[in-house]
Amino acid sequence: MQFPILSLILWLPILGILLIFFINRKNEQAIKILSLLTILIDFALSLYLLFNFDYSAPAFQFVEKRPWLPFINSNYFLGVDGISILFVPLATLTTLLCILISWHSIKEKVKEFYLALLFTNIAMVGVFIALDLLLFYVFWEAILIPMYLIIGIWGGPRRIYSTIKFFLYTFFGSVFLLIAILYIYNSYGTFDYQYLLGRSYSFEVEKLLFLAFLIAFAIKVPMWPVHTWLPDAHTEAPTAGSVILAGILIKMGGYGMVRFLLPMFPNASEYFAKMILILSVIAIIYAGLACLWQVDLKRLIAYSSVSHMGFVTLGIFSFNPIGIKGAILQMVNHGIVTGALFMCVGVIYDRTHSRAINYYGGLATAFPLYSALFMIFTLASIGLPGTNGFVGEFLILLGTFLSNKVVVLFAATGVIIGAAYMLYLYKRVFFEKPKDYLFGLEPMKATELAALIPMVFLVFLIGLYPKPFLDLMTTSVVQILTYLR
């Protein structure tokens with residue numbers, strides 16, 4: 001019996017939670033160090049998992065399956081394939097960077113904050129490795145608890161409104177997901193994902209099940225028009241909360257579409273594909289244009305997430321390997337780039353306590369190192385060749401072109417709009433006339449640099465050499481597409 005590495009990655013933060021629980025809340029440094037060490041080990045284990053993954057095998061790997069709720073035929077069933085393998089290290093890396101970026105910025109209820117981060121890590125990893133529908137749903141819902149607290153306790157002035165809106169939107173979608181899962185269980189008597197692949201339903205039932213799953217996933221992505229919770233949540237969340245939302249939480253929706261919608265409901269997927277493509281194009285263009293008139297740094301980046309995730313859903317429903325692989329890679333890329341942009345906003349906000357774009361100007365002179373890092377992530381966001389953003393968007397547009405040339409004509413305008421709003425933002429913040437009160441800002445701290453430098457490395461690694469990342473998912477994507485033919 002193989003070593004249960006997935007369980008170790010999943011539950012290791014529990015050890016950190018228990019140890020932190022017994023540390024005096026006044027000993028904040030010990031709490032931070034213990035949290036950092038816990039997630040650092042977890043990230044190292046997730047890298048071990050990644051480097052030992054056999055990308056040529058179509059089956060799930062590192063599988064663990066034990067009875068969980070045997071009286072309803074539900075199992076503790078874990079495994080990873082080429083679709084989920086990249087999201088496990090992305091989740092642990094995101095939590096690790098959130099700990100670093102929050103090192104100096106979180107000053108109240110420090111103990112509770114780091115406990116919430118560790119709990120969030122468990123839920124995020126669980127979503128990507130659960131192969132039992134009931135277990136998946138438990139992790140899917142569990143992430144609402146720490147995120148509700150992170151936004152509601154450590155957020156901005158309108159945090160209560162934003163966190164309740166976030167909770168109600170996502171919980172509303174989850175109700176439909178639960179109903180659909182219960183119907184499937186009633187039909188086949190199991191929650192086993194592998195067993196349920198290829199099972200048939202009447203076309204009318206399949207369409208209803210597809211829509212129930214889609215509502216939950218579309219809200220998480222978020223797709224237009226159920227996106228309005230995201231700008232509010234991002235704007236009021238602390239930096240770590242925004243990074244988790246951008247880095248992992250909204251990827252759960254895209255992951256769910258690839259993992260469940262395409263293989264479990266292939267006929268309905270093809271039936272509703274045009275609707276999804278239209279909604280994706282609307283999201284790309286509408287959210288991109290909305291970025292142009294934003295006056296708040298975080299709100300602009302939040303709307304850019306809606307636009308970028310429109311490309312992801314576009315690639316998923318292109319129904320060809322190029323587009324789907326581009327969508328999966330772009331989810332990873334978006335987590336890296338947008339997470340880094342939110343960290344950059346957090347860095348400057350901690351010094352000026354303002355997110356208003358017109359408050360800034362001339363930061364290229366006043367804060368040069370920070371300006372260089374922000375520029376790298378700006379160029380990656382607009383998809384400059386050589387950065388990771390280019391690879392994902394190019395594959396999505398190419399894959400969609402092969403299946404629907406008209407849609408690509410509209411979607412491609414999103415690339416132009418994206419370049420416009422990001423370069424316009426950079427011009428206003430960094431190249432306008434320098435403002436006197438921005439000189440003498442505190443230099444970047446070691447923890448801030450430690451959080452941002454790995455993101456710079458990944459931007460160029462994936463941008464210049466994407467082959468290993470694409471190879472990981474090829475076999476699994478082809479396997480998913482066999483259910484659509």
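From Val406, Val429, which residue is surrounded by 20 or more Cβ atoms within 10 Å (Cβ to Cβ) and either over 20 Å from the mean Cα position of the chain (by Cα) or aromatic (Phe, Trp, Tyr) (or both)? Walk me through it before giving the result.
On the way: Val406 fails: surrounded by 20 or more Cβ atoms within 10 Å (Cβ to Cβ).
Answer to the check: Val429.
Every residue in region 432-449 that is among the hydrophobic types (A, V, I, L, M, F, W, C) and exposed (fewer than 15 other Cβ atoms within 10 Å of the Cβ), please. Break it down stepwise before answering.
Of the residues in region 432-449, the ones among the hydrophobic types (A, V, I, L, M, F, W, C) are 438-439, 441, 444, 446, 449.
Matches in region 432-449: Phe439, Ala446.
Among the residues of region 25-53, which ones are at pLDDT 90 or above and farther than 22 Å from Cys98 by Cβ?
Phe51, Asn52, Phe53
Restricting attention to region 342-353, does a residue exist that is without any contact (Cβ under 8 Å) to a residue 12 or more places away in the chain, surrounded by fewer than 24 Cβ atoms within 10 Å (Cβ to Cβ) and not in a helix (DSSP H, G or I)?
In the first step, residues of region 342-353 are kept if they are without any contact (Cβ under 8 Å) to a residue 12 or more places away in the chain; the result is 353.
From what's left, surrounded by fewer than 24 Cβ atoms within 10 Å (Cβ to Cβ): 353.
Cutting the leftovers down to not in a helix (DSSP H, G or I) gives us 353.
Yes - at least one qualifying residue is present in region 342-353.
Please work out if Leu34 is open to solvent by 20 Å² or more (accessible area, probe 1.4 Å) and not in a strand (DSSP E or B). Spell out how you get there, then give the answer.
Working: open to solvent by 20 Å² or more (accessible area, probe 1.4 Å): yes; not in a strand (DSSP E or B): yes.
Yes.
Going residue by residue through region 386-398, is there one that turns out to be over 20 Å from Ile324 (Cα atoms), at pLDDT 90 or above and not acidic (Asp, Glu)? Steps first, answer last, please.
Initially, region 386-398 is screened for residues over 20 Å from Ile324 (Cα atoms), giving 386.
Cutting the leftovers down to at pLDDT 90 or above gives us 386.
Restricting the remaining residues to those that are not acidic (Asp, Glu) gives 386.
There is at least one residue in region 386-398 that is over 20 Å from Ile324 (Cα atoms), at pLDDT 90 or above and not acidic (Asp, Glu).
With respect to Ile324, determine if the residue is under 14 Å from Ile462 (Cβ atoms), surrounded by 24 or more Cβ atoms within 10 Å (Cβ to Cβ) and out of contact with any Cys (no Cβ under 9 Å at 6 or more places or on another chain).
No: the conditions fail for Ile324.
In region 70-78, is there at least one residue being crowded, with 24+ Cβ neighbours inside 10 Å and either of a type outside the set (Phe, Trp, Tyr) or part of a loop (DSSP other than H, G, I, E, B) (or both)?
yes
Between Ile250, Ile301, Ile284, which is in contact with a Lys or Arg (Cβ under 8 Å, 6 or more places away or on another chain), in contact (Cβ under 8 Å) with a residue 40 or more places away in the chain and surrounded by 24 or more Cβ atoms within 10 Å (Cβ to Cβ)? Steps first, answer last, please.
On the way: Ile301 fails: in contact with a Lys or Arg (Cβ under 8 Å, 6 or more places away or on another chain); Ile284 fails: in contact with a Lys or Arg (Cβ under 8 Å, 6 or more places away or on another chain).
Unique residue meeting the criteria: Ile250.
The values are calculated or read from the model by the stated rules, or taken from the named source; none is laboratory data. Keep in mind that what you see is a predicted model, and the values were worked out from it rather than measured. Reconstructed Cβ throughout: ideal geometry from the backbone, glycine too, with neighbour counts over all protein chains shown. Heavy atoms of the whole protein, side chains included, go into the accessibility calculation; ligands, DNA and RNA do not. Shrake-Rupley method; radii C 1.70, N 1.55, O 1.52, S 1.80 Å.
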